[in-house]
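The values are calculated or read from the model by the stated rules, or taken from the named source; none is laboratory data. Given the structure is predicted, the values throughout are model-derived calculations rather than measurements. Quick reminder, even Gly has a Cβ in these numbers, built from the backbone with ideal geometry, and neighbours come from all protein chains shown.
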Amino acid sequence: MDRGAIYRELFNRVVHGVYGPGVWLREDALAAEFGVSRTPIREVLFQLAQDGLAEGLANRGFRSLGFTVDDLEEAYEIRRALEVVAVERATASISIASLHGIRARIESIADTDDPIEHAAIDSELHRLIADASHSRRLITMLSSLYRIMQSFRELGFASSTIRDPAAAEHIALIDALAARDTGAATRLLDEHIRLSKSRILKQVLDKPITSQDQTSRRSVRR
């Protein structure tokens, strides 16, 4: 199993509550489980710590920080703020050919229900915007958020109630970007992420965005 697959597996275990807050992530045990040396396990644990899902303690190793509905809401809000800045910086220089290519792919898979394929195109569009910002810090911060959200993208795109409106929003955003209309692109991007957050919390996490109950920080489970 490669490092990426190990990261995704441990990510899912933290996010879905298998490894709750405070659970130790033992390098030797994980290395034995995945049939690899401790080096790739250590690298994955460092990545989880960078993404805010684990913490490293000197001379003690790593332990899970857990992941909650509130954490996901916060991630969406941070992503929205950062992507709005990215769009403002990207509109003037983003590749029109790349936008048209993504638009064509969105239309070509409109009648398919493969969540991984839909999630991959979603990710490609948002990464294209981030890259076109030409801001190293923005790209780094957004890449971390995208890793955290990828599992939820794939779960969400399994449902047509998320897949269909997201596709329409992506096409509208692409058209605004291709027209170099910064105002429209910014507005559409902001609205798209707000709606995506609402749909994910309602459909995947069964927690409507209108809920104001902050008393229970539940682990994220489908």
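When each of 64, 95 is tested for being surrounded by fewer than 16 Cβ atoms within 10 Å (Cβ to Cβ) and over 19 Å from residue 191 (Cβ atoms), the lone residue that passes is 95.
When restricted to residues that are part of a helix (DSSP H, G or I) and crowded, with 21+ Cβ neighbours inside 10 Å, the stretch 80-92 contains 4. Determine the pairs where a residue that is farther than 20 Å from residue 52 by Cα, located within the stretch 131-160, has a partner that is modelled with pLDDT of 85 or more and surrounded by fewer than 17 Cβ atoms within 10 Å (Cβ to Cβ) with Cβ atoms under 6 Å apart, the partner being 6 or more residues away or on another chain. Every condition considered, the pairs that remain are 132/93; 154/116. Counting residues in the stretch 37-57 that are part of a strand (DSSP E or B), surrounded by 17 or more Cβ atoms within 10 Å (Cβ to Cβ), of a type in the set (A, V, I, L, M) and within 18 Å of the chain's Cα centre (by Cα) gives one or more.
Does the stretch 12-19 contain at least one residue that is hydroxyl-bearing (Ser, Thr, Tyr) and not in a helix (DSSP H, G or I)? Yes. In this structure, residue 182 does satisfy being out of contact with any Pro (no Cβ under 6 Å at 6 or more places or on another chain) and at pLDDT 95 or above.
Scanning the stretch 140-161 for residues that are under 18 Å from residue 69 (Cα atoms) and not charged (D, E, K, R) returns 144, 145, 146, 148, 149, 150, 151, 152, 155, 156. Here is the figure for the stretch 14-41: residues that are of a type outside the set (Phe, Trp, Tyr), under 16 Å from residue 55 (Cβ atoms) and in contact with a Ser or Thr (Cβ under 8 Å, 6 or more places away or on another chain) total 7. Within the stretch 48-59, the only residue that satisfies the criterion of being more than 16 Å from residue 19 (Cα to Cα) and touching a residue at least 24 places away in the same chain (Cβ under 8 Å) is 50. Of all the residues in the stretch 110-146, those that are surrounded by 16 or more Cβ atoms within 10 Å (Cβ to Cβ) and not polar (S, T, N, Q) number 19.
From the list 89, 60, the one residue that fits, being more than 15 Å from the chain's Cα centre (by Cα), of a type outside the set (Gly, Ala, Ser), in the same structural domain as residue 23 (by TED's automatic domain parsing) and on the phi < 0 side of the Ramachandran plot, is 60.
Only one residue in 130, 81, 90 is out of contact with any helix residue (DSSP H, G or I) (no Cβ under 7 Å at 6 or more places or on another chain) and modelled with pLDDT of 95 or more. Which one? None of the other options fit; the residue is 81.
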